[in-house]
Each structure stands twice: as structure tokens, then as C-alpha cells.
Amino acid sequence: MKKITLIFLFLSITTAHSQIRDFSEKGNGLINLERHQFTINLLGPGIRYELGLFKNVSASTSFTPAFARYQEGYALGFAWHTRIRYYHNFQERLDVNKNTVGNSANYFGPARSIFWEPVQFTDNISDGNSNYAFAFYGGVYGVQRTNRKGFNFNGEIGYGYFRGDGLDNGHGFMVNLNFGWVATKRKSTKPTFD
């Protein structure tokens, strides 16, 4: 529990520092964020929708493959993910002429992911129990890049609390990697893939 408290304290301090630095960006509203972004996952079918809420803040939901590991064991398969993303380096990327189209930046924020036994590829959690589920509640750090043709890479790692249904609770980490195509129109700025 102390580790989780330290992680949330770190995220709070980092958010406060980023918000202070954020005042240096000019303008109002969604400067760099896409207002709506719908992505179709190409490796391991799945989908993601991201909604730009405020300057540098979005909410996303997706159904894509992920890997989770905690005291009970591991699971690799599909999960339903919900995120609040705070993109912290749009301005730095723009300053060095890097792409920000399709929310191409790094982010962190609170996360929730739910795993169900029927949609797992492999696991060592079940111990014969074919009707389990567990949820991840924690923080994630991620990287998202979209090129001019709409191909998108999103990778994130997180640490947090796992709450089991038919399993014991615990803490551990989760990894989520996706490669897909953005089906919605993107803002037109310098389109490069880096």
C-alpha cells in the first residue's frame, strides 16, 4: 500500500509541475489535441476512442490486448481500458519540429482495466476456476505516435492495485501495446513519424 501511495504522490507532484509549465503555452481550448480520435487496432483486433476534453487532457476507452502481472500470477488477453490522459510534452515536441498530429506525445494519468477469463489468451491465475475477472486501478505512463497515413502506435506501462472477482486482491503492473490505424480525420500539421 505504501508503494501505491508513493506512486500517486509522484503523479500529483508531476501534474502540478506540468500545470505550472502549461501556462506558458499560448491560446485557449484544444490546441494540440484531436477533438475525436477513433483507432482500429491491427495487431490483435480491438478499438479505441479518445475524446479531447481540455488543453492537453483527454479521456479514452478501448478494448484491446494487454498483459497484467500481480501476486496471483499473470494474464495475457483482451481487457477493457479507461484512461484520463494528460499529455505533457506537446510544446517540447513542437519546439523541435516533431509531429503532434493524432495526439503524438507522451502522457500519464489514472487508469482502469478489466480482464475477464473467457477473453484471455493465456494465464496462470485460474487454478481451474473458469469464471474469474479482475480489475487494475492505478497510474500509467504512455507514448502515442501517429504518422501522416494514420498508422498509430500506443504503448503504456502502469502500476497499481488489482481487485479480483473469484481471485485474491494484490498489486502489480500492467503493459498495453497497440498498433493500429486512426479512422478519423486528423489535424494537418507537420506529419512525420518519429
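See the values below:
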quantity	calculated
Sequence of Ser104, Ser113 once ranked by neighbouring C-beta atoms within 10 Å, starting from the fewest	Ser113, Ser104
Label point distance in nm, His36-Lys149, each placed 7 Å from Cα along Cα→Cβ	2.6 nm
Region 46-192 - Debye-derived log10 I(q)/I(0), Cα point model, q = 0.13, 0.14, 0.15, 0.21 Å⁻¹	-0.59, -0.67, -0.75, -1.22
Sequence of Leu33, Leu42, Leu94 once ranked by neighbouring C-beta atoms within 10 Å, starting from the fewest	Leu42, Leu94, Leu33
Net +/- balance of residues flanking Phe136 in space, Cβ distance below 9 Å, scoring K and R +1, D and E -1	+2
Distance between modelled label sites at Tyr137 and Thr184, nm, 7 Å Cα→Cβ extension	2.8 nm
Equivalent ellipsoid semi-axes - Cα gyration tensor, region 54-124, angstrom	31, 12, 11
Cut-off 9 Å between beta-carbons: net charge of the residues surrounding Met174, Lys and Arg +1, Asp and Glu -1	0
Descending principal axes extents, region 84-154, alpha-carbon based, whole Å	54, 26, 15
Linear extension gain, Val96 paired with Ala59, 0.36 nm per residue minus alpha-carbon span	10.7 nm
Burial ordering of Lys98, Lys185, fewest other beta-carbon atoms within 10 Å first	Lys185, Lys98
Label point distance in nm, Thr82-Val119, each placed 7 Å from Cα along Cα→Cβ	1.4 nm
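A short reminder: the numbers here are calculations on the coordinates, not readings from a lab. Only a predicted model underlies this, so the values are computations on that prediction, with no experimental measurement involved. When we count neighbours, we look across all protein chains shown, and the Cβ atoms used for this are built from the backbone with ideal geometry, even at glycine.
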